[in-house]
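Every number here is computed from the coordinates shown, using simple stated rules; none is lab data. Keep in mind that what you see is a predicted model, and the values were worked out from it rather than measured. Cβ atoms come from the backbone with ideal geometry, glycine included; neighbour counts cover every protein chain shown.
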Amino acid sequence: MRKGIFIGFLLLLLIATGYVYWFYYRSYADGYRDGYFQKFSRKGNIFKTYEGELVLQGFGSRAASQGNISANYFYFSVVDEKIADSLEHSIGKMVKIHYTQYLRPLPWRGDNYNIKNQEKGQYIVDRIDLVTNP
């Protein structure tokens with residue numbers, strides 16, 4: 001009886017560990033975005049994180065009723081202090097950034113922009129490749 005309970009507990013622990021790894025720590029995607037770097041701030045109640053906003057190049061969504069074209073934004077978080085410092089000096093410039101996307105957010109990695117970004121997930125910028133004046 002004890003052996004069965006122990007094996008059941010180990011199996012439950014293994015499943016829980018796999019779930020946490022799969023959704024919170026495994027990188028789902030990575031890639032590049034470039035655009036006009038518009039906003040950067042440090043915020044949070046308990047975990048202070050760096051949050052940024054990039055206006056992507058090209059056309060955004062078109063409002064059918066008004067016929068207006070709106071900008072397409074990309075929201076992201078930065079964990080590394082050196083990258084955050086470099087981005088602070090890049091506001092108002094065109095930047096090309098490399099990001100890693102995770103399926104579910106962790107509070108110490110940054111904000112959750114599931115509603116604002118086109119694809120759900122938490123986007124963490126880990127590299128700046130290019131900074132130019134517009």
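Overview of results
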| item | result |
| --- | --- |
| Where a residue in segment 105-134 is farther than 18 Å from V20 by Cα and its partner, wherever it lies, is surrounded by 19 or more Cβ atoms within 10 Å (Cβ to Cβ) and hydrophobic (A, V, I, L, M, F, W, C), with Cβ under 6 Å and at least six apart | V125/F76; V125/V78; V125/I97; I128/I97; V131/V95 |
| Single residue of segment 34-51 satisfying the filter (aromatic (F, W, Y) and within 16 Å of R109 (Cβ to Cβ)) that is surrounded by the most Cβ atoms within 10 Å (Cβ to Cβ) | Y50 |
